[in-house]
Structure formats: structure tokens, C-alpha cells
Amino acid sequence: MNRNLFTALGAAALLGGCTTTTPAIPPTLAYDRPDCPTVVDTTGAIGLTPEKDKAIWTVDAHLPGNGACLRRGAVAAPYLVFALPDAAHAKMVEIGSVLEPERVLSPKVVLLDAAGAETRSFRRDKYMFRPGLLSIQFVPQENERYALVTVDPEPVGESHDTIVSNTSTTAVYTGFGASNWRSGQERMMSRGFSYEGPVRALIYRPDKDD
């Protein structure tokens, strides 16, 4: 084989074998901005009205530490706002934090009316770990127009630990038939509660949505 061709093929194989992975982001454990207002700005609310060909409409957003912030009592935290769909177009809404390898946003969801006044909030024990999310589910009421997503500071600094199992099944064939042999391993995954992180909203459309 031509030496130059061999060298080129070898380099291509090395390049093709290289994979890049996104580094895990550690949790943000502190947040203190003196300039945070006490009134929610709903003008930039992210719309959640679903498309009609989607049974479940998903909207992803990110809650950054350098974006809009809000002071509620003595606590300052970043926030974002979702504009809730009309009650006729959503039988249920789910909002929560996306689970990342090392962190999960400590969520606080507050529902607001058209004037930005609070109508409902949810206790911490109402949030549940669901596949890929730490979330709250609710049915929007007629007077509820916005969902404020901010941070519950109390769990920040703590972690949520889970055991992740990776298993595989191998079929072994013998003269007497076949049997399945399972192998795998378990590992502990620890996610720290954070002041920052990705947020996801899911809108479950009614079975009949005109």
C-alpha cells in the first residue's frame, strides 16, 4: 500500500474515533444580586400554546444566573415566565427542571393571573422525580395566565442521589434450546440542587381540541 495513503487512512481513523462530550456542569450553590426587582415582568413570557398536531407539546428553556432576577421576601433568585395556554387547549401542564449529570435546578413554580398577582404555588413535596425531570403537574384555571419559574433556595447545597443500572441480555444457544444471560453494573449518580439549569414545560392537549 502506498505509504502516503496508509498515513492518510490512519489519520482519518484516529479522527473518526475521537468523540467529544459536553463537560458536566456543576451546580450553582450561591446567588446574591442586589439589583433584583420585586415585581415580575411578564412582557417576555415564553408561549406555551401547543401545535394542534402534537398530543404533548414540549418547550425547553434555560434559567441562567445572569438573566432576569426577582426578590421574593429576603430571597433573590433568577426567574423566567411562561404564558399558559387557554384552558381549552391544555388538559394538563407539567413544568420542571431537566436532570443533568451533576446538577438539577431547585424549582419553584408560581402561577399568576393576568395582572401578575399570585394565584397558586406548590409545596416542595408536590414536586416529583419523573423520567428526566423534577416537575410539578397542574391543570390551569380560568384566571391563571402565567407560570413563574424561579428557585427554591432551601434544597440548594444538598444533592439527590440515585442508583443507575446498566444491564444487557445475551441469548445463549445450546443443543437443548436457548437461555438468556444478563450482565450489567450499578453506579451511584449524585445531582446537586442548583440556582441555574435547564427547564422544560410539557403541555398535554385535550383529546378533542378544536
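The values are calculated or read from the model by the stated rules, or taken from the named source; none is laboratory data. Since the model is a prediction, treat every value here as computed from it, not as a measurement. Because the Cβ atoms are built from the backbone with ideal geometry, glycine has one as well, and the counts that use them run over all protein chains shown. What goes into the accessible areas is simple: the full protein's heavy atoms, side chains included, and nothing from ligands, DNA or RNA. Shrake-Rupley method; radii C 1.70, N 1.55, O 1.52, S 1.80 Å.
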Fill in: Label-to-label distance, nm, for residues given as E158 and K54 (7 Å Cα→Cβ offset)
3.3 nm
Worksheet item: What does the charge add up to near R103, with Lys and Arg as +1, Asp and Glu as -1, over the other residues with Cβ less than 14 Å from its Cβ?
Response: -4
Worksheet, complete the sentence: Between D125 and K91, Cβ-based FRET efficiency (R0 25 Å, step 0.05) works out to 0.60
Discussion item. 5 Å is the cut-off here: which amide hydrogens, built 1.01 Å from N in the peptide plane, fall below it relative to M92, excluding neighbours closer than 5 in sequence?
Written reply: Y204
Practice prompt. Mind checking the per residue accessible area of region 91-163 for me, 1.4 Å probe, whole number of Å²?
Written response: 47 Å²
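Where does the charge balance sit around R200 when Lys and Arg score +1, Asp and Glu -1, over other residues with C-beta under 13 Å from its C-beta? Mind showing how you got there, number by number?
Details: positive: R130; negative: D60, E94, E100.
Around R200, the surrounding residues sum to -2.
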Worksheet, complete the sentence: Counting only residues 5 or more apart in sequence or on a different chain, those whose built amide H sits under 5 Å from that of L63 are G197, V199
Response to the item:
Other residues with Cβ under 12 Å from the Cβ of D152 give, with Lys and Arg +1 and Asp and Glu -1, a net charge of +2
Practice prompt. Provide the per-residue ³J(HN,Hα) series for region 133-150, in order, calculated from phi with Karplus coefficients 6.51, -1.76, 1.60 and θ = phi - 60°, each as a whole number of Hz, with x at glycine and proline positions.
Written response: 9, 10, 9, 10, 10, 7, 9, x, 8, 4, 8, 9, 10, 9, 10, 7, 10, 9
Worksheet item: How many angstrom separate the Cα center of region 52-111 from the Cα center of region 112-139?
Response: 9 Å
